1. Would a scan of segment 251-264 turn up a residue that is within 14 Å of ALA72 (Cα to Cα) and out of contact with any strand residue (DSSP E or B) (no Cβ under 7 Å at 6 or more places or on another chain)?
2. So which residues in segment 98-137 are of a type in the set (Ser, Thr, Tyr) and touching a strand residue (DSSP E or B) at 6+ places or on another chain (Cβ under 7 Å)?
3. From LYS379, LYS359, which residue is surrounded by 17 or more Cβ atoms within 10 Å (Cβ to Cβ), among the basic types (Lys, Arg) and within 23 Å of ILE276 (Cβ to Cβ)?
4. Just to confirm my filter: which helices (runs of 4 or more DSSP H) fall fully inside segment 208-322 and include at least 3 residues that are more than 18 Å from the chain's Cα centre (by Cα), among the polar types (S, T, N, Q) and in the same structural domain as GLY79 (by TED's automatic domain parsing)?
5. If you take the residues of segment 302-353 that are surrounded by fewer than 21 Cβ atoms within 10 Å (Cβ to Cβ), of a type in the set (A, V, I, L, M) and farther than 27 Å from ALA291 by Cα, which of them is modelled with the lowest pLDDT?
6. Restricting to segment 388-410, name every residue that is of a type in the set (A, V, I, L, M, F, W, C), touching an Asp or Glu at 6+ places or on another chain (Cβ under 9 Å) and under 25 Å from ARG311 (Cα atoms).
7. Kindly evaluate GLN393 against the criterion of being within 22 Å of THR179 (Cα to Cα) and either free of Cβ contacts under 8 Å to residues at least 60 places away in the same chain or among the aliphatic types (A, V, I, L, M) (or both).
Amino acid sequence: MENSMQFSNAAEVYTFLNGFINFERKHGQRNEYRLDRIRGLMERAGRPDRAIGCYHVAGSKGKGSTATMLAAVLLQRDGPIGLFTSPHLLHFTERIAIDGQAVSEAILLPAAVEMTECLTSTNPQDYALVDCPTFFELLTLLAFLCFRLAGCRQAVIEVGLGGRLDTTNIIAPVACLLTAIELEHTEILGHTIELIAAEKAGIIKSGVPVFSSAQKEAAVQVFRATALVKGAAWHCLDDEVTIDDRRIDRSGSHALLRFRDQPAGDNSLTVSVGLIGDVQLRNAALVSLVARHFGYTPSQIQAGLLAAKLRARFEIIPGDPTVILDGAHTVDSVAACRDQLVRLFPEGCCLLFGCAIDKPAAAMAAVFGSEIKRLFVTKPGPFKESDPAAIAQAFERHGFAVQLVVDTAEAIRQAAAAARKSHLPLLVCGSFYLCAEVAAELTG
């Protein structure tokens with residue numbers, strides 16, 4: 001076709017995608033988030049999103065972990081299974097997974113050719129600004145083209161930002177999942193839990209069951225009311241599942257789930273997840289609730305949860321020093337990270353911290369305490385705008401002695417050396433992009 005392009009490797013595909021507007025680098029204005037462009041692209045592609053059963057996952061925190069766990073459970077019965085998540089850690093192909101593995105070039109490259117054939121031009125400069133597709137719109141189209149080429153029967157789709165106007169909200173899902181809601185991206189989604197929940201509730205569809213994690217009451221009210229209006233069956237984790245016998249160690253998280261809709265003796269499920277933290281047990285409980293609804297057996301649920309792998313979620317990497325990667329970048333998620341650190345590494349740690357300029361650095365700094373023995377502040381890599389000096393000042397106001405090293409690579413070297421000398425683990429948090437920089441350094 002006229003606009004068809006050829007690609008020789010995944011890097012060329014990524015370069016092409018990055019030629020288009022990327023709101024992950026810098027968020028657009030509210031009126032720049034719209035669904036007509038992606039609908040047009042999907043129509044020209046023959047609606048690959050309608051060829052498979054999709055599970056749609058939105059929320060402020062835990063949606064990537066939840067999506068990954070659910071895809072792993074689905075794979076225990078049906079396959080191939082697609083998974084679309086963001087961001088990636090090292091390679092953009094991580095965002096498009098098939099049967100738990102990053103998409104291969106054998107699938108990616110022909111799908112990318114199909115993607116370009118859906119464009120009126122492959123040159124971003126040829127579009128009027130309002131008509132130019134974005135990086136994430138093209139990536140979403142590419143994911144569904146990959147899933148179609150791979151013959152996926154089902155896919156789990158993680159919302160990119162918000163829900164109502166997110167690019168992924170053109171699918172017709174078989175179920176909608178809502179993970180925990182926090183104050184995040186307030187300049188786009190609103191400055192209250194109610195407003196943010198209303199945006200997330202935009203994924204709820206008429207007659208499609210809704211499964212919600214434990215939520216603040218303000219969010220529950222919004223979700224329940226939206227489900228009622230849409231005629232969508234409402235399932236809330238707090239109402240239907242209890243999590244007992246919790247045990248968290250360096251290998252993962254373990255618990256006994258009890259389902260209240262079943263008679264005694266047939267209402268419990270012992271689960272283990274290779275992801276660490278109380279929040280991961282809530283995510284696992286939500287996935288188990290969904291899977292039971294769709295007829296997955298206890299053994300399928302258990303096997304899937306145990307098989308799920310996801311990087312930079314309190315990921316412990318043994319070595320000298322031991323490195324802990326956690327992409328936590330909200331107050332609640334940083335608090336959860338600190339809780340796990342104190343529980344599993346009571347000796348404390350060296351902290352390497354960096355976050356984007358739109359994150360609540362001062363509030364995150366206030367979370368930490370005496371468990372931090374050495375503190376390094378840096379930029380979270382070149383992708384996101386950051387003000388490391390302001391971050392350092394925020395920590396200093398809370399009584400920390402801060403070593404400010406703006407150059408990310410040098411900060412990694414100094415922080416690792418300090419941790420090694422002190423015989424302490426190195427915790428890296430504040431940004432997935434900073435975790436990616438450290439992961440790349442560790443892998444050479």
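1. The initial filter retains those residues of segment 251-264 that are within 14 Å of ALA72 (Cα to Cα), namely none.
Checked segment 251-264: no residue is within 14 Å of ALA72 (Cα to Cα) and out of contact with any strand residue (DSSP E or B) (no Cβ under 7 Å at 6 or more places or on another chain).
2. Just the residues of segment 98-137 that are of a type in the set (Ser, Thr, Tyr), to begin with: 104, 116, 120-122, 127, 134.
Matches in segment 98-137: THR134 only.
3. On the way: LYS379 fails: within 23 Å of ILE276 (Cβ to Cβ).
Going through LYS379, LYS359 in turn, the sole match is LYS359.
4. On the way: elements: 217-230, 237-240, 278-293, 298-307.
Output list reads 298-307.
5. VAL331
6. Looking only at segment 388-410, we keep the residues that are of a type in the set (A, V, I, L, M, F, W, C), and these are 389-392, 394-395, 400-402, 404-406, 409.
Narrowing the set further to residues that are touching an Asp or Glu at 6+ places or on another chain (Cβ under 9 Å) leaves 402, 409.
Answer for segment 388-410, where residues must be of a type in the set (A, V, I, L, M, F, W, C), touching an Asp or Glu at 6+ places or on another chain (Cβ under 9 Å) and under 25 Å from ARG311 (Cα atoms): just ALA409.
7. The answer is no for GLN393.
Yes or no, residue by residue, for (1) in a loop (DSSP other than H, G, I, E, B); (2) among the aromatic types (Phe, Trp, Tyr); (3) over 21 Å from LYS205 (Cα atoms); (4) modelled with pLDDT under 95:
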site: HIS27; (1), (2), (3), (4): yes, no, yes, yes
site: ILE38; (1), (2), (3), (4): no, no, no, no
site: GLU43; (1), (2), (3), (4): no, no, no, no
site: SER65; (1), (2), (3), (4): no, no, yes, no
site: ALA72; (1), (2), (3), (4): no, no, yes, no
site: ASP78; (1), (2), (3), (4): yes, no, yes, yes
site: LEU83; (1), (2), (3), (4): no, no, no, no
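The values are calculated or read from the model by the stated rules, or taken from the named source; none is laboratory data. These numbers come from a predicted model, not from an experiment. Cβ coordinates were reconstructed from backbone atoms using ideal geometry, including for glycine residues, and neighbour counts include every protein chain displayed.
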